[in-house]
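S.K.: One structure is given below, represented as structure tokens, and several questions about it will come after.
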Amino acid sequence: MKGRIAVNSIETHRFGNGLQLLVEPKKNVKSCGLHWVFPSGACMDDGNRVGASVMLAEMLVRGAGSMDSRALSDAMDRCGMRRSTDVGVFHLSASATMMGASLDRGLELLSTMVLEPHLAEESVEPVRSLCLQSLDSLRDEPQHEVMLRLRARHRRSPFNRNGYGERDAIESMKRCDLQSAWERGIVPDGAMLGVCGDVEPSALVDLLEERFGTWSGTASHPEEENESRGGAEHVDRESAQVHIALAWDAPAASHADAVLERLASRIFGGSSSGRLFTEVRQKQSLCYSVGGSYRVGPERGEIVVYAGTTPERAQKTLDTCLAEYRRMKQGITEDEFNRARIGLESGLIFSGESTSARATALVSDQFLLGHPRSLDDVRSEIAAVTLDQVNAYLARRSDVAPTIVTMGPAPLDIDDS
């Protein structure tokens with residue numbers, strides 16, 4: 001067992017088997033948020049079994065230990081636990097919120113679910129059907145579909161995968177494939193557990209040491225296989241709408257420019273006072289929806305934009321979005337800077353009032369930065385940024401042509417010169 005480390009009000013502990021625990025006690029609340037991730041995300045799937053992690057996440061809730069699916073669900077309800085499982089690019093996650101007084105029992109149930117799942121043969125077909133239905137549902141969610149296609153084109157494999165899997169792999173998946181995915185990915189070395197709220201760190205460490213003392217295993221993270229495709233793609237779709245998605249490379253989470261990009265992206269497209277919303281929607285009435293955001297990763301980040309419009313206005317919408325991105329290079333005003341900084345600080349306050357959001361943030365920071373941050377840490381980082389720093393960053397920010405994906409009845413002219 002390795003010793004605990006205190007970072008401001010956050011305590012971290014790495015167990016001998018590699019499991020990392022991140023705890024932020026909050027004595028003024030009665031709830032407790034928990035976010036537990038495992039190195040079993042979509043990027044970890046075998047190349048011919050992309051979708052095993054998605055099916056595994058569904059299988060975990062269908063009985064574990066001495067409990068069948070109904071008994072496990074009832075036990076969690078009696079705990080007052082709100083819970084979910086999810087699959088991202090890097091991790092399979094189990095999240096829960098409960099009263100702090102129920103944490104011990106809640107952890108017992110969650111650990112049974114992930115460490116002793118039944119993975120029963122009779123559950124495979126129902127889970128397969130659900131996953132295929134989710135894939136089919138993307139046809140009814142074109143905004144989501146075009147953004148997934150943008151990810152697949154802009155990011156490098158296998159980190160361009162999504163949380164839906166691939167149809168052929170899901171259709172041919174066997175129980176042994178899911179068992180193999182569980183054995184490879186539900187391991188302590190690479191797993192992280194974030195807990196925030198009504199919790200006593202030392203008691204939690206003792207509880208987990210007893211519960212997970214014999215748990216072992218290590219996952220090997222994949223390497224990037226090739227360069228991203230980039231460029232432009234059009235998806236033919238008979239529709240009265242056109243969906244436009246764009247992506248540019250941006251700083252990784254740990255890069256010194258990351259905080260500058262957070263402010264710049266909020267001004268560009270992250271709010272109703274952002275330039276995209278103001279220029280494209282409010283002034284020119286070109287589209288019914290438009291926005292942009294900055295997404296960070298451990299190795300690189302990206303700026304993404306979505307716009308939904310009509311075929312008649314699609315070309316002008318695309319051209320204006322590209323022009324607004326290029327205009328950012330000229331710099332931002334003091335008023336824009338102040339609004340963006342206040343917006344980011346307000347978001348911090350709101351997230352700080354949610355124990356589940358804080359538990360997730362602890363794990364995210366540990367994964368992306370190698371250490372968790374308190375709200376004061378993040379607030380201080382934002383407060384230290386100056387207008388001159390942001391404008392200097394924008395002046396040297398890369399103006400490489402973006403990746404562009406459009407979906408609608410006809411392709412658009414692409415000119416990002």
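The values are calculated or read from the model by the stated rules, or taken from the named source; none is laboratory data. Because the structure is predicted, anything quoted here is derived from the model rather than measured. No Cβ is skipped: glycine too gets one built from the backbone with ideal geometry, and neighbour counts run over all protein chains shown. Note: areas computed on protein heavy atoms with side chains; ligands, DNA, RNA excluded. Shrake-Rupley method; radii C 1.70, N 1.55, O 1.52, S 1.80 Å.
S.K.: Please work out if residue 294 is touching a His at 6+ places or on another chain (Cβ under 8 Å), in a strand (DSSP E or B) and modelled with pLDDT of 95 or more.
M.R.: Working: touching a His at 6+ places or on another chain (Cβ under 8 Å): no; in a strand (DSSP E or B): yes; modelled with pLDDT of 95 or more: yes.
Spelling it out, it is not the case that residue 294 is touching a His at 6+ places or on another chain (Cβ under 8 Å), in a strand (DSSP E or B) and modelled with pLDDT of 95 or more.
S.K.: Taking the options 279, 299, name whichever one is surrounded by fewer than 19 Cβ atoms within 10 Å (Cβ to Cβ), of a type in the set (D, E, K, R) and more than 18 Å from the chain's Cα centre (by Cα).
M.R.: Details: 299 fails: more than 18 Å from the chain's Cα centre (by Cα).
On inspection, the qualifying residue turns out to be 279.
S.K.: Let me ask something else. Cβ-Cβ below 6 Å, separation at least six or inter-chain, first residue in segment 59-86 and surrounded by fewer than 19 Cβ atoms within 10 Å (Cβ to Cβ), second among the basic types (Lys, Arg): which pairs?
M.R.: Pairs that qualify, where the first residue is surrounded by fewer than 19 Cβ atoms within 10 Å (Cβ to Cβ) and the partner is among the basic types (Lys, Arg), are 69/62.
S.K.: Within the group 186, 170, which residue is under 20 Å from the mean Cα position of the chain (by Cα), under 30 Å from residue 57 (Cβ atoms) and β-branched (Val, Ile, Thr)? Lay out the reasoning, then the answer.
M.R.: Details: 170 fails: under 20 Å from the mean Cα position of the chain (by Cα).
One residue alone meets the criteria, 186.
S.K.: Which one of these is open to solvent by less than 10 Å² (accessible area, probe 1.4 Å) and assigned to a helix (DSSP H, G or I): 323, 340? Steps first, please.
M.R.: Working: 323 fails: open to solvent by less than 10 Å² (accessible area, probe 1.4 Å).
Answer to the selection: 340.
S.K.: Which of the residues belonging to segment 237-250 are open to solvent by 50 Å² or more (accessible area, probe 1.4 Å) and either assigned to a loop (DSSP other than H, G, I, E, B) or out of contact with any strand residue (DSSP E or B) (no Cβ under 8 Å at 6 or more places or on another chain) (or both)? Quick ask: steps written out before the conclusion?
M.R.: At the first step, the residues of segment 237-250 found to be open to solvent by 50 Å² or more (accessible area, probe 1.4 Å) are 238, 240-241, 249.
Once the filter is applied, which keeps residues that are open to solvent by 50 Å² or more (accessible area, probe 1.4 Å) and either assigned to a loop (DSSP other than H, G, I, E, B) or out of contact with any strand residue (DSSP E or B) (no Cβ under 8 Å at 6 or more places or on another chain) (or both), segment 237-250 yields 238, 240, 241.
S.K.: Follow-up. Name the residue, out of 349, 382, that is modelled with pLDDT of 95 or more and outside any loop (DSSP other than H, G, I, E, B).
M.R.: Details: 349 fails: modelled with pLDDT of 95 or more.
From the options 349, 382, the qualifying one is 382.
S.K.: Could you say which residue among 109, 103, 115 is crowded, with 18+ Cβ neighbours inside 10 Å and touching a residue at least 40 places away in the same chain (Cβ under 8 Å)?
M.R.: Values: 109 fails: touching a residue at least 40 places away in the same chain (Cβ under 8 Å); 115 fails: crowded, with 18+ Cβ neighbours inside 10 Å.
Selected residue: 103, the only one of 109, 103, 115 that is crowded, with 18+ Cβ neighbours inside 10 Å and touching a residue at least 40 places away in the same chain (Cβ under 8 Å).
S.K.: Okay, moving on. Among residues belonging to segment 184-220 that are part of a loop (DSSP other than H, G, I, E, B) and not small (Gly, Ala, Ser), point out the one that is surrounded by the fewest Cβ atoms within 10 Å (Cβ to Cβ).
M.R.: Step one: filter segment 184-220 for residues part of a loop (DSSP other than H, G, I, E, B), giving 186-188, 190-191, 198-200, 213-217, 219-220.
Filter once more, so that each one left must be not small (Gly, Ala, Ser): 186-188, 198-200, 214-215.
Values: 186: 20, 187: 20, 188: 23, 198: 21, 199: 22, 200: 14, 214: 6, 215: 18.
Out of the qualifying residues, it is 214.
S.K.: Being under 18 Å from residue 199 (Cβ atoms) and open to solvent by less than 60 Å² (accessible area, probe 1.4 Å) narrows it down to one residue among 362, 368; which is it?
M.R.: Working: 368 fails: under 18 Å from residue 199 (Cβ atoms).
Testing whether each residue is under 18 Å from residue 199 (Cβ atoms) and open to solvent by less than 60 Å² (accessible area, probe 1.4 Å) leaves just 362.
S.K.: Could you tell me whether any residue of segment 124-132 is under 12 Å from residue 56 (Cα atoms), at pLDDT 95 or above, touching a helix residue (DSSP H, G or I) at 6+ places or on another chain (Cβ under 8 Å) and among the basic types (Lys, Arg)?
M.R.: Yes, because at least one residue in segment 124-132 is under 12 Å from residue 56 (Cα atoms), at pLDDT 95 or above, touching a helix residue (DSSP H, G or I) at 6+ places or on another chain (Cβ under 8 Å) and among the basic types (Lys, Arg).
S.K.: Applying the selection to segment 101-147, what residues are within 25 Å of the chain's Cα centre (by Cα) and among the small types (Gly, Ala, Ser)?
M.R.: Across segment 101-147, the qualifying residues are 106, 111, 129, 134, 137.
S.K.: If you don't mind, another one. When you go through (1) touching an Asp or Glu at 6+ places or on another chain (Cβ under 8 Å); (2) in a loop (DSSP other than H, G, I, E, B); (3) β-branched (Val, Ile, Thr) one by one for residue 127, which number turns out not to apply?
M.R.: (2)
S.K.: Find the residue count for segment 297-320, including only residues that are in contact with a Cys (Cβ under 8 Å, 6 or more places away or on another chain), in a strand (DSSP E or B) and not β-branched (Val, Ile, Thr).
M.R.: Residues flagged as in contact with a Cys (Cβ under 8 Å, 6 or more places away or on another chain), in a strand (DSSP E or B) and not β-branched (Val, Ile, Thr) within segment 297-320 amount to 2.
S.K.: Quick check on my filter: what residues within segment 130-175 are open to solvent by less than 70 Å² (accessible area, probe 1.4 Å) and not in a helix (DSSP H, G or I)?
M.R.: The answer is 155, 156, 157, 158, 159, 160, 161, 162, 163, 164, 165, 173.
S.K.: If residue 48 satisfies every condition in (1) open to solvent by less than 60 Å² (accessible area, probe 1.4 Å); (2) at pLDDT below 95 but one, which is the exception?
M.R.: (1)
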